[in-house]
Structures are given as structure tokens and as C-alpha cells.
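The values are calculated or read from the model by the stated rules, or taken from the named source; none is laboratory data. Keep in mind the model is a prediction, meaning the values are calculated, not measured. Note that each Cβ is placed from the backbone with ideal geometry, even for glycine, and that neighbours are counted across all protein chains shown. Areas reflect the complete protein model, heavy atoms only, side chains present, ligands, DNA and RNA absent. Shrake-Rupley method; radii C 1.70, N 1.55, O 1.52, S 1.80 Å.
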Amino acid sequence: MDFKLPKNTQPVLLGALAGAVLSVWVGFDALGWKTRAAAEAAAGKKADVAVVAALASICHERFSQARDFRAKLAALEKVDRYSRGEAIAKAGWATMLGAKEPVAGVGEECANLLFPKA
């Protein structure tokens, strides 16, 4: 059995292949399609950001309700802006009850809540 394609089939097939490649490229690049791994990574990052924001809110509340809040805030204000998160973490404000260490980023986010950027 000998199968032959019509004479002008090659340009049509090449055009279809080019269209398919172009569609996939536009979909991933411009339309935001994602592979499963990329979608899972993005979802994980969003979840981490949400956890840090929630824990920073608790840290802010605990710090604000401290007995000598004004004095602690004044002392923290004297610390360089980029070191405030570390100072909050070292003082234990960013460590949640039952945890041994703070979640990464909670101290910095707590400092941002205590000293909002003007």
C-alpha cells in the first residue's frame, strides 16, 4: 500500500505546525499559562506570604499591647530601619506561642506594621 499526500500538502502542514508553536508560545508568554509545577510554586509563595502577614499582625498586636509599649517603640525607632525586623525577632515578638523560632519574614513585616512607610 503506497500512500501519497497531495502535491501542495507540505506548506499547509508547515503552516499548521508554525501556528501550533506560535499559539503555545503566546499562551505561555502573553496569556499567563503555567505548567503545573509553576502554578504550585506560585501558590506556595502566595500561601507563605499570607502566613507571614497573619503572623506579623499577631506580632504587631502583641508588641502594641506590651506594658511599656511607648518605650519599646522609641527604642526600636532608634534602630536602623533595615535592622528592626531582626531586633523584633531577637526580642521574641515574632515567635509565636509554642514555636521555638520565628517564621522567616515575620519580624520584618511586624516592623513594617509598627512603622508604616510614609
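Here's the yes/no breakdown for (1) assigned to a helix (DSSP H, G or I); (2) hydrophobic (A, V, I, L, M, F, W, C):
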| residue | (1), (2) |
| --- | --- |
| TRP33 | no, yes |
| GLU40 | yes, no |
| GLY44 | yes, no |
| VAL51 | yes, yes |
| LEU55 | yes, yes |
| PHE63 | yes, yes |
| LYS72 | yes, no |
| GLY85 | yes, no |
Name the residue, out of LEU17, LEU5, LEU22, that is among the hydrophobic types (A, V, I, L, M, F, W, C), open to solvent by 90 Å² or more (accessible area, probe 1.4 Å) and outside any helix (DSSP H, G or I).
LEU5
Quickly run through the range 28-51 and pick out the residues that are within 29 Å of VAL103 (Cα to Cα) and not hydrophobic (A, V, I, L, M, F, W, C).
LYS34, THR35, ARG36, GLU40, GLY44, LYS45, LYS46, ASP48
Consider only pairs whose beta carbons are under 6 Å apart and that are at least six residues apart or on different chains; among these, list those whose first residue lies in the range 43-71 and is surrounded by 11 or more Cβ atoms within 10 Å (Cβ to Cβ) and whose second residue is assigned to a helix (DSSP H, G or I) and basic (Lys, Arg).
ALA66/LYS72
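For the range 87-112, enumerate the residues that are among the polar types (S, T, N, Q) and not in a helix (DSSP H, G or I).
Taking the range 87-112 first, the residues among the polar types (S, T, N, Q) are 95, 112.
Residue satisfying the conditions is THR95 alone.
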